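The values are calculated or read from the model by the stated rules, or taken from the named source; none is laboratory data. Note that the coordinates shown come from a computational prediction; the quantities given were computed from them, not determined experimentally. Cβ: placed from backbone, ideal geometry, glycine included. Neighbour counts: every protein chain shown. SASA here: full protein model, heavy atoms, side chains in, ligands and nucleic acids out. Shrake-Rupley method; radii C 1.70, N 1.55, O 1.52, S 1.80 Å.
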Amino acid sequence: MNTYFLYARKSTDVEDKQVLSIEAQLAELREFAAREHLTIIAELIEKQSAKTMGRPVFNSMLERIEAGEASGILAWHPDRLARNSMDGGRIIYLLDVGKLTSLKFPRMWFENTPQGKLMLHNEFGFSKYYVDSLSENTKRGLREKVRRGEFPNRAPFGYLNDYRTKKIFVDRERGPLVAQAFELYASGKSTLDDVRRFLAEHGVRTRNGKLVGRTFVSEMLTNPIYYGHFRCGGEVHEGIHEPIISKKLFDQVQAVLNRRWRYSPPKKGEPKAFAGLLRCAECGAAITAEIQKGHTYYRCTKKNKLKRCSQPYVREESLAAQVSALLAPYSLRADWAHEMLTRLEDEKKQSAQSSAVLAAKKRGDIDRVNLRLQKLLDSFLDGIVDRETYVAEKARLMSQKKSLEEAERTLAKGRQAWLEPFTEWILDARNAGQIAVTGSLGEKKALAKKVFGSNLVLDCKKARGCAAKPWSFLPENSASFRWVPEGGFEPPRRFNPPADFKSAASAVPPLGLPNTYANLLNSLGKNWQSVAWKGKTRHDYQTNKQAQAVAADSRVDL
């Protein structure tokens, strides 16, 4: 009398997929065994694909059959037993040697005869063909997703998979952490370990509760998916998902990664307020600080081996008073600052009009990059370039295209790149007087760096230096200045000032601005041109060829 193993299998161990597969098989097979009066000695359940060899339950079942525990197998269909040629061949071999005498399937007839083995072999062949064709169809579908710009794999950190639309979307909880991690590393003051600790502080850890690895952070910081592209098959493709960061921030992070081959952590200790602000006027070395008898003293490091330095110490209180005195002249009146900010708003509106032309130019550059991408693809398909060259050049062109697209979007919002730093400068200049008087030492140092840059030196216990532009315009025009009429910087073409222009200027309401405003714009990169109008100097913004023709008029200084 034949005894049987009841074998049921499904292709995955994920609980939410093929939930009813095992239970349905067991119910049908038990009913079939009762109807046919089959003796079942064990029910074997396996949750693994039969595409490849190595199923432990299946291998154990065949070993037990070879040992004589049973002589038959009951399964729902031959594809439950094998979908690869090796496992199918083992079953047919056991039938040949007599170790396996019977196979039972509720939906298929089988006898241990040459014809029956042929039919079983065909069924195994069809099962293998099904799984192979399914693999090809899946790969074709994934290639189509890539062509549509859809990320085909599991969503990386910061994104989630939408199982309904088969796309990825930004994780509103962890997406901002990715952006903050990029900004933290782009500053150049943090290491990969700092990013790991930052993520751990916000609940991002391994399953064991440890910090994520450096490899995880490094791969995250170099993954183009966060700015809108993604890698697939060794190539970079353009995605349609929402980016978390800008391409500019991504490039900044890559620059830090490329130049950072060794990092020295900052030394522990209390930072000194004016350390790193000045240098020695005698030997050019840096100025350091040390604490003696409860007071902080600043002195030259005396590390210039070519020259012996004789500069003395200076106490922090004395140096702070000198820095305050140096900053005092670089303050902008509140009414001037208010009017300048008002006129900057007008400038923003005017600059938006010229941005359309430049945006169109960027669009043309993007079209040319797309054309080069298409030519590169044609050359690769025709065998003119090899795959390695194709992948490298495609990645370069895709990066260039993304930068151009971001530049186009910036221009579409208006050409305000120069206005933002100028607005920031006005606010700093407006607050400079208050910081010089009541500001902390840190605030004074930060403002002094903006005003003087690296021009501050310490000479015989005295701090001195020259301001950088545009700060240098403020003390030059604080005592005497020339007013610009309320109408703005572009008077009518036939502007005729009165004979005594200086007396007329004194009658202008105090809301007017000095000519320093145009000088400041020039120092920040704005292309202003000085044009004389019958004794009246004006600063004309050069936006077209007509402004160049006006410059040919005679120049007369006030």
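Using Cα positions and a limit of under 13 Å, work out the aspartates and glutamates in reach of LYS302, with same-chain residues fewer than 8 apart set aside.
Straight-line reach from LYS302, under 13 Å: GLU282.
How big is the accessible area of PHE250 in square angstrom, nearest 10, if you roll a 1.4 angstrom probe over the protein chains?
Roll a 1.4 Å probe over it and PHE250 shows about 20 Å².
Keeping all protein chains in place, calculate the accessible area per residue for the range 99-171 (probe 1.4 angstrom), answer in Å². Mind dumping the intermediate values first?
Working: 4810 Å² over 73 residues.
Dividing the accessible area of the range 99-171 by its residue count gives 66 Å².
Using the Cα atoms of the range 1-160 to build a convex hull, what is its mean projected area in square nanometres?
Values: hull surface 44.6 nm².
Convex hull of Cα atoms, orientation-averaged projection: 11.2 nm².
Across the Cα atoms of the range 140-269, what radius of gyration and what greatest pairwise Cα-Cα distance (Dmax) are found, in Å?
Values for the range 140-269 (Cα only, Rg and Dmax): 15.9, 60 Å.
Would you work out which of MET220, GLY188, TYR159 lies farthest towards the positive end of the dipole of the range 147-236? Charges go on Cβ: Lys and Arg +1, Asp and Glu -1.
Farthest towards the positive pole: TYR159.
Can you pull the percent of the range 104-203's accessible area that's carbon plus sulfur, 1.4 Å probe, other chains left in place? If you can, show how the numbers build up before the last one.
Details: 3290 of 6310 Å².
Exposed carbon and sulfur together represent 52 percent of the surface.
Of all the Cα-Cα pairs you can form in the range 128-205, what percent are over 13 Å apart?
Values: 2239 of 3003 pairs.
When all Cα pairs of the range 128-205 are counted, 75 percent exceed 13 Å.
Please list HIS37, HIS121, HIS241 in order of solvent-accessible area, largest first, computed with a 1.4 Å probe with all protein chains present.
My answer, sorted largest first, is HIS37, HIS121, HIS241.
Among VAL146, VAL437, what's the order by accessible area (1.4 angstrom probe), most exposed first? Intermediate results must be reported in sequence, preceding the final value.
Numbers: VAL146 20, VAL437 115 Å².
My answer, sorted largest first, is VAL437, VAL146.
At a probe size of 1.4 Å, how large is the accessible area of LYS272, to the nearest 10 Å²?
60
Assuming 0.36 nm per residue, please report the length gained on full extension of the stretch ALA200 to GLU420 beyond their Cα-Cα distance.
That works out to 75.7 nm of additional length.
Please report the accessible area of SER318 (heavy atoms, 1.4 Å probe, ligands and nucleic acids excluded) in Å², nearest 10.
Approximately 50 Å² for this residue.
Hey, what do the phi angles of the range 245-260 turn into as Karplus ³J(HN,Hα) couplings, whole Hz, using 6.51/-1.76/1.60 and θ = phi - 60°, x for Gly and Pro?
For the range 245-260, the Karplus curve yields 10, 8, 5, 4, 5, 4, 5, 4, 5, 5, 5, 5, 5, 6, 8, 9 Hz.
Looking at the range 1-95, which trypsin sites (Lys or Arg not before Pro) are in a loop (DSSP not H, G, I, E or B) and have at most 12 other Cβ atoms within 10 Å? Working shown, then result.
On the way: sites: ARG9, LYS10, LYS17, ARG30, ARG35, LYS47, LYS51, ARG64, ARG80, ARG83, ARG90; in loops: LYS17, LYS51, ARG83.
Counting only loop positions with at most 12 other Cβ atoms within 10 Å, the trypsin sites (Lys or Arg not before Pro) in the range 1-95 are LYS17.
Sorted by accessible area (1.4 Å probe), largest first, how do ARG372, ARG315 line up?
On the way: ARG372 120, ARG315 90 Å².
Ranked list, largest accessible area first: ARG372, ARG315.
For the range 285-334, what size does the Cα cloud have along each of its three principal axes, sorted from largest down, in whole Å?
Computed over the range 285-334, the largest-to-smallest principal extents equal 48, 30, 13 Å.
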